[in-house]
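First up is the structure itself, then whatever we jot down about it.
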Amino acid sequence: MNVIKTEKIIWTIGHSTHLLDELAAMLQSFQIEIVADIISSPGSRKFPQFNKEALQISLPENNIQYIHLKELGGRRKVNPYSKNTVWRHPAFRGYADYMETGTFKEGIRELEKMAMKHRTAYMCSEAVWWRCHRSMVSDYLKVDGWKVMHIMGVGKEEEHPYTAPARIVKGELTYGEDLKENEG
């Protein structure tokens, strides 16, 4: 396609335990051209079809480009001075802390650049977006004016609502709880 789009829309998907053909069918049902893998280290002994090396071969065979975008990968450590206190689970709080870094923002800009020119989905392993850091990437993109759609099956999608902990203050996403101004 390689045309700059006027509407900013991006998709997400979790590969879960799907067969590769099922994953490809879900992506193709939304004409996805690029998959940006946001798993820190894409690899699985149990599901080798989702290893980075396997996806670099199998997705292009289905006319879908594969890119590993490690800058958006999960499994981040909690900052001991974290202000993202609404997230109680350390994995989510650690990722919220990581979202404040330049490296995260570089990854987001790369993802947005791809999605402005191609139908793009960012992918992780978790089947449902609300149990995954995809939910937080989606919050960030939504604040930035993107329509984020979660692929739930072949031809099935749902629009991203903000996560419950998300707070929008002066146009910025935060997950802090002692905020007086919430405009979002």
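The values are calculated or read from the model by the stated rules, or taken from the named source; none is laboratory data. Nothing here was measured: the structure is a model prediction, and the numbers come from that model. All Cβ positions, even for glycine, are placed from backbone atoms using ideal geometry, and neighbour counts span all protein chains on display.
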Would you check which residues across region 17-29 are surrounded by fewer than 18 Cβ atoms within 10 Å (Cβ to Cβ), under 11 Å from Gly153 (Cβ atoms) and either of a type in the set (Ser, Thr, Tyr) or in contact with a strand residue (DSSP E or B) (Cβ under 6 Å, 6 or more places away or on another chain) (or both) and list them? Ser29
Of all residues in region 91-103, which are in contact with a helix residue (DSSP H, G or I) (Cβ under 6 Å, 6 or more places away or on another chain) and either of a type in the set (Gly, Ala, Ser) or surrounded by fewer than 21 Cβ atoms within 10 Å (Cβ to Cβ) (or both)? Thr103
Pairs only if they're at least six apart or on different chains, beta carbon under 7 angstrom, first in region 143-159 and within 26 Å of Arg109 (Cβ to Cβ), second polar (S, T, N, Q); list them, first residue then second. Val148/Thr12; Val148/Ser138; His150/Thr12; Ile151/Thr12
Among the residues of region 29-42, is there at least one that is free of Cβ contacts under 8 Å to residues at least 24 places away in the same chain and of a type in the set (D, E, K, R)? no
Just to check your reading of the model, which residue among Ser41, Ser82 is part of a loop (DSSP other than H, G, I, E, B) and crowded, with 16+ Cβ neighbours inside 10 Å? Ser82
Within region 121-137, residues within 18 Å of His15 (Cβ to Cβ), at pLDDT 95 or above and either in a helix (DSSP H, G or I) or in contact with an Asp or Glu (Cβ under 7 Å, 6 or more places away or on another chain) (or both) come out as Met123, Arg134, Ser135, Val137
Right, Glu157: surrounded by fewer than 20 Cβ atoms within 10 Å (Cβ to Cβ), closer than 28 Å to Glu177 by Cβ and over 14 Å from the mean Cα position of the chain (by Cα) or not? no
